[in-house]
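**Q** For reference, the structure I am asking about is given below.
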Amino acid sequence: MVIGYHIILTGYGHWLPNDPRGSMSHDVFSPDLMPLAEHHFGRRKIQPSKKMLRTFFVEAQQYLTHSILWWEEAERRAITQAFREIIHEQKLTCYSCAILPNHVHLLMRKHRIPAEEMSDAMKERACTLLGKIEFADKKHPIFSDRRCHVYKSDVPSMRNCVRYIEFNCGKHKLPRQKYDFVTPYDDWPLHNKQRS
């Protein structure tokens, strides 16, 4: 039984299908990217060095249609507002969120709206708000086309996901993020049984 969704949205060009770290893509469609690294589905157990990863991205950038963009504080504020609006409008429950310079993590409670619709709505609203601050040319994609959803089926995996998302802020040298649309995880759905 699925009880939650770990949604990962990546900025355009920041996690390619044959990323040396591994990826959730099943195929590499660009013939130019194929020789740069071997495709591996899922996260590799042994991660590449920073130097190896940097070399891969320097080589890969010449084959991308658009430049790679980073989300500074103003962009992260716009993305925050987009998520706040969608979570409020759709009456969603978010247990953890990290908005980083090139990707975001969200842990969402299972809902009548599937994970795909949640992430699409959030991406669309974020692009709209980023357009208002003229972050990029209208033709420039903000997010990667691919979505990554990891389904959670028990309370321990939900708790671990909250810790993982919170850890990501420090990993990217950002202060711990607090959002008014995040509800502290209360062991749902077990908390109802514990109270009865």
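The values are calculated or read from the model by the stated rules, or taken from the named source; none is laboratory data. Keep in mind that what you see is a predicted model, and the values were worked out from it rather than measured. Ideal geometry is used to build each Cβ from the backbone, glycine not excepted, and the neighbour counts take in all protein chains shown.
**Q** Being in contact with a helix residue (DSSP H, G or I) (Cβ under 6 Å, 6 or more places away or on another chain), farther than 21 Å from Cys169 by Cβ and assigned by TED's automatic domain parsing to the domain that holds Asn168 narrows it down to one of Ala121, Ala98, so name that one.
**A** Working: Ala98 fails: farther than 21 Å from Cys169 by Cβ.
That would be Ala121, the only listed residue that is in contact with a helix residue (DSSP H, G or I) (Cβ under 6 Å, 6 or more places away or on another chain), farther than 21 Å from Cys169 by Cβ and assigned by TED's automatic domain parsing to the domain that holds Asn168.
**Q** Find the residue count for segment 46-65, including only residues that are under 13 Å from Arg21 (Cβ atoms), in contact (Cβ under 8 Å) with a residue 24 or more places away in the chain and either part of a loop (DSSP other than H, G, I, E, B) or among the charged types (D, E, K, R) (or both).
**A** 2
**Q** Okay, next question. Given the criteria within 16 Å of Tyr185 (Cβ to Cβ) and surrounded by 16 or more Cβ atoms within 10 Å (Cβ to Cβ), does Leu129 qualify?
**A** On the way: within 16 Å of Tyr185 (Cβ to Cβ): no; surrounded by 16 or more Cβ atoms within 10 Å (Cβ to Cβ): yes.
So Leu129 does not fit the description; no.
**Q** Given the condition part of a loop (DSSP other than H, G, I, E, B), modelled with pLDDT under 95 and under 18 Å from the mean Cα position of the chain (by Cα), answer yes or no: does some residue in segment 72-85 qualify? Spell out how you get there, then give the answer.
**A** Our first condition is that a residue be part of a loop (DSSP other than H, G, I, E, B); within segment 72-85, this holds for 72.
Checking which are modelled with pLDDT under 95 leaves us with 72.
Cutting the leftovers down to under 18 Å from the mean Cα position of the chain (by Cα) gives us 72.
Yes, segment 72-85 has at least one match.
**Q** Out of the residues in segment 25-57 meeting the condition of being of a type in the set (A, V, I, L, M) and either at pLDDT 80 or above or exposed (fewer than 10 other Cβ atoms within 10 Å of the Cβ) (or both), tell me which one is farthest from Ile8 (Cα to Cα). Steps first, answer last, please.
**A** Within segment 25-57, the first condition is being of a type in the set (A, V, I, L, M), and the residues that meet it are 28, 33-34, 36-37, 46, 52-53.
After this cut, where a residue has to be either at pLDDT 80 or above or exposed (fewer than 10 other Cβ atoms within 10 Å of the Cβ) (or both) as well, the list is 46, 52.
On the way: Ile46: 21, Met52: 23 Å.
Here the answer is Met52.
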